[in-house]
Amino acid sequence: MVTTHNLGFPRIGARRELKFALETYWKGQSSRDELKTLGAQLRARHWDDQQALDHVPVGDFAFYDQVLDMSFTLGNLPERVRGFHGDALDNYFRVARGRSAQGADDHGQCCGGVAAGEMTKWFDTNYHYIVPEFDAKTRFSLDPSRLVEQIREAQARGVKAKPVIIGPVTYLWLGKAKDDSDRLALLPRLLPVYAALLDYFTAQGIEWVQIDEPALVTELDPAWREAFVTAYDALATRRVKVLLATYFGPLRENLDLACKLPVDGLHIDAINARDEVAQVAARLPETAVVSVGVINGRNIWRTDLNAALEWLEPLHRTLGDRLWIAPSCSLLHSPVDLDSEPTLDAEIKSWLAFALQKLDELKVLAQALNTGRQSVEAALNANQTAIESRRTSPRVHNPAVKAAVSKIDAALGRRVSAYPQRATKQSALFNLPAYPTTTIGSFPQTAEIRQARSQFKRGELDAAAYRTAMHSEIARSVKEQEALGLDVLVHGEAERNDMVEYFGEQLDGYAFSQFGWVQSYGSRCVKPPILFGDISRPKAMTVEWTRYAQSLTSKPMKGMLTGPVTILNWSFVRDDQPRSVSCYQLALAIREEVLDLEKAGVRVIQIDEAALREGLPLRKSQWNAYLQWAVESFRVTANGVQDETQIHTHMCYSEFNDIIASIADMDADVITIETSRSDMELLDAFDDFNYPNEIGPGVYDIHSPNIPSEAHIVQLMRKAAERIPAERLWVNPDCGLKTRQWAEVIPALTNMVAAARSLRALS
């Protein structure tokens, strides 16, 4: 009999219950016990949703981030949070976001805020994790309380619990050394803690534990490859069975290594590595389990069940009970329940599967393998009908769009003049001071904004009343910016629900869910639009709002757009054509918007490409192909404008050092990037690369409620000036301000503007 299991489940709740509970707690409006109770309720509900599985993941729930959870389990806390009073949850949130709950009654004054942990992308996803911090003195000490508590909760509900933890090598691989020490030198200190944790699982009556080692799908140098051998040899005397889980890509040169590790089973991502399944099955010991990730855990399209069975059935005949099936990766990256979408277009809905529906697909596959296809004939027929409907639908294919993409050439992506000539013209036009100040685009999304948007969507506000409400919010943003003394203003994006969804709603080829939320980080959730067909722009999307904002001020007003690569990477993307083709379609659509903004008199246009790096393949050998079409797509979008029009782009929470040449090839006049949490570390790239254009290193960490001081911002900018000529530096936050409160934003930006003035006085 084939065995079913899951690698992880979305923890936010079908209605984002965790998000709202966290934010209420952080504001001091609910207690720690209420938050913990909500967490237990969500875990129980999610285990119940997975009861049909043979093994159910436990420990995949986190109040903020699973990597941060692992750091606390291993006792790896940054020195800056040690010694604080309050319970472990207080310190947990201090590392995650710089502070615990607002107004905590016993330590609000004495503890205050600390520097939040650095945050970056989880492999090639839009999920952000808190980076583990190491130095030569790092020691580890086991705290299994979180996992033991959740195991006992699950067992009390009759759940066959399979604990999920991040493996020792991937944990070190994900982290950063804060000195010159070698992370791998910490492995001998780390392994006894893992061994003790596995013993705890045995004591709790656990049969299987899932150890995630996704670093195995990346290109590893010999030292890291040897670390896997060292680690799992050291853990070989355990009594609990280990399923080693890899995902997000093929193993390739690491396949033999993975198959020879002394574990009891290996999970392989068959969505990205179908060709390796047979090799893994042949090379693993005859007693080892082969877990096949046959359902796509990262996208929302239905699985072609008949096609999957065509290759699973022979595998099952060969492996018998050794075959396990599962989603390709954790369902953390999928929305919870398609049945929560009564308003979604019925035809498009029939093409989709969210997390619960993916588990249903898994159940159908298991039953077909165990008792024959005839036992699930109705389900297979319904699935085949949906697959054929999508494949042949005229709503998916637009010949005019395909023809336009076929005509793209290199000339479409070139500016009229090189940057030095453009910079001279732009300087004459804008006459900005040294260290010009700006923001990244959005201002706080107040309760009034959200209420007006909801009323408009429900038909309780007509278009004219909604426009009036948004104009009022835009006017407020412009007034506040002028009072602050910012140099280049933005309209604040009051009318936008999300930087991708807003554009997708106005493009043909997109569909939208109501509750298709996935976690981005902490309490931050995003609702990716569904890119189901060829993309075109029926009408202008931002011009009216930006033109109105410009009419309120004599200062330059930035037009704010999301770039094609980010729209692509932050959507649920169609899987029936190359991603590059979809990206070029988006590039042509956003290019039309850029040109319309310029015609409307907008001379500063920001095209955000926050997700450029996360689209990189996990293997560097494949980077060039991706970067070629990604950079060209940006250039097609941006470079039809006149020399005097200044093009900005923004990127956040990614490592850029190894793709800095490609970022330069984008040829934006100004780039803004996140550098505040990394203490300007991301600017190390400029030590060896002479970046030719202007740059704004983010100096205000908007993902933390902490307010940066003027002195701190000056210090950061001085570090930046050691690498970038001061005349090419801008001063700005590291991201948009929509998630912050005006009470935080005003003092932070006041300090930022004051810092810029101090820097001018010193230069």
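The values are calculated or read from the model by the stated rules, or taken from the named source; none is laboratory data. The structure presented is a predicted model; accordingly, all values stated were derived computationally and were not measured. Cβ sites come from the backbone with ideal geometry, for glycine too, and all protein chains shown count toward neighbours. Protein only, heavy atoms only, side chains kept; ligands, DNA and RNA dropped before computing areas. Shrake-Rupley method; radii C 1.70, N 1.55, O 1.52, S 1.80 Å.
Quick notes
- Residue in the stretch 292-332 that is surrounded by the fewest Cβ atoms within 10 Å (Cβ to Cβ), counting only those that are more than 19 Å from Asn383 (Cα to Cα) and among the polar types (S, T, N, Q): Thr318
- Annotation note: Cβ proximity below 6 Å between a residue of the stretch 378-390 that is touching a residue at least 40 places away in the same chain (Cβ under 8 Å) and a residue that is among the hydroxyl-bearing types (Ser, Thr, Tyr) (sequence gap 6+ or interchain) occurs for Ala386/Ser350.
- Meets criteria (part of a loop (DSSP other than H, G, I, E, B) and either modelled with pLDDT of 90 or more or closer than 22 Å to Ala664 by Cα (or both)) for Ile707: yes
- Residues in the stretch 516-525 that are modelled with pLDDT under 95 and open to solvent by 20 Å² or more (accessible area, probe 1.4 Å): Tyr521, Arg524.
- Taken over the stretch 473-508, the residue count meeting the criterion of being on the phi > 0 side of the Ramachandran plot and open to solvent by less than 10 Å² (accessible area, probe 1.4 Å) is 1.
- Residues located in the stretch 712-748, provided they are under 26 Å from the mean Cα position of the chain (by Cα) and either over 24 Å from Tyr691 (Cβ atoms) or acidic (Asp, Glu) (or both): Asp734, Leu737, Lys738, Thr739, Arg740, Gln741, Trp742, Glu744, Val745, Ala748
- Only listed residue being part of a helix (DSSP H, G or I) and among the charged types (D, E, K, R), chosen from Glu644, Glu614: Glu614
- With a requirement of 3 or more residues that are open to solvent by less than 40 Å² (accessible area, probe 1.4 Å), at pLDDT below 95 and closer than 25 Å to Phe248 by Cα, the strands (runs of 3 or more DSSP E) lying completely within the stretch 109-223 that satisfy it span 119-121.
- Some residue of the stretch 38-49 being touching a residue at least 24 places away in the same chain (Cβ under 8 Å), crowded, with 21+ Cβ neighbours inside 10 Å and in contact with a strand residue (DSSP E or B) (Cβ under 7 Å, 6 or more places away or on another chain): yes
- Residue match in the stretch 500-510 (condition: in contact (Cβ under 8 Å) with a residue 40 or more places away in the chain, assigned to a helix (DSSP H, G or I), touching a Pro at 6+ places or on another chain (Cβ under 7 Å) and not polar (S, T, N, Q)): yes
- Which listed residue is touching a Ser or Thr at 6+ places or on another chain (Cβ under 9 Å), farther than 21 Å from Leu174 by Cβ and open to solvent by less than 10 Å² (accessible area, probe 1.4 Å), from Leu627, Leu612, Leu683: Leu683
- Picking from residues in the stretch 224-242 that are open to solvent by 60 Å² or more (accessible area, probe 1.4 Å) and among the basic types (Lys, Arg), the one that is farthest from Asp199 (Cα to Cα) is Arg225.
- Scanning the stretch 688-700 for residues that are buried (at least 23 other Cβ atoms within 10 Å of the Cβ) and either part of a loop (DSSP other than H, G, I, E, B) or without any contact (Cβ under 8 Å) to a residue 24 or more places away in the chain (or both) yields Val699, Tyr700.
- Residue, surrounded by the most Cβ atoms within 10 Å (Cβ to Cβ), within the stretch 68-80, restricted to residues that are under 20 Å from Ala161 (Cα atoms) and of a type outside the set (D, E, K, R): Met70
- Among the residues of the stretch 1-37, those identified as open to solvent by 10 Å² or more (accessible area, probe 1.4 Å), of a type in the set (Gly, Ala, Ser) and under 25 Å from the mean Cα position of the chain (by Cα) are Ala14, Ala21.
- Residues in the stretch 269-313 that are more than 17 Å from Lys241 (Cα to Cα) and either among the aromatic types (Phe, Trp, Tyr) or part of a strand (DSSP E or B) (or both): Asp269, Val292, Gly293, Val294, Ile295, Trp301, Trp311.
- Count of the stretch 719-763 residues which are farther than 30 Å from Lys27 by Cα and assigned to a loop (DSSP other than H, G, I, E, B): 6
- Boolean, Ala245 is in contact with a Leu (Cβ under 9 Å, 6 or more places away or on another chain), open to solvent by 10 Å² or more (accessible area, probe 1.4 Å) and either closer than 24 Å to Asp65 by Cα or among the hydroxyl-bearing types (Ser, Thr, Tyr) (or both): no
- Qualifying residues in the stretch 306-351 (those that are β-branched (Val, Ile, Thr) and touching a strand residue (DSSP E or B) at 6+ places or on another chain (Cβ under 6 Å)) - the one nearest to Ser571 (Cα to Cα): Ile348
- Options Thr645, Thr649, Thr637: the member that is among the hydroxyl-bearing types (Ser, Thr, Tyr) and within 22 Å of the chain's Cα centre (by Cα): Thr649
- Of all residues in the stretch 571-611, those satisfying the criterion of being in a loop (DSSP other than H, G, I, E, B), touching a strand residue (DSSP E or B) at 6+ places or on another chain (Cβ under 7 Å) and of a type outside the set (A, V, I, L, M, F, W, C) are Ser571, Arg574, Asp575, Arg603, Glu609.
- All of Asn706, Asn732 fail the test of being in contact with a Gly (Cβ under 7 Å, 6 or more places away or on another chain) and open to solvent by less than 30 Å² (accessible area, probe 1.4 Å), apart from Asn732.
- First in the stretch 529-557 and farther than 30 Å from Phe515 by Cβ and modelled with pLDDT under 95, second anywhere and of a type outside the set (A, V, I, L, M, F, W, C) and surrounded by 24 or more Cβ atoms within 10 Å (Cβ to Cβ), Cβ under 8 Å, 6 or more apart: none
- Enumeration of residues in the stretch 552-579 that are surrounded by fewer than 24 Cβ atoms within 10 Å (Cβ to Cβ) and of a type in the set (D, E, K, R): Lys555, Arg574, Asp575, Asp576, Arg579
- Residue among Thr739, Thr675 that is touching a strand residue (DSSP E or B) at 6+ places or on another chain (Cβ under 9 Å), modelled with pLDDT under 95 and open to solvent by 50 Å² or more (accessible area, probe 1.4 Å): Thr739
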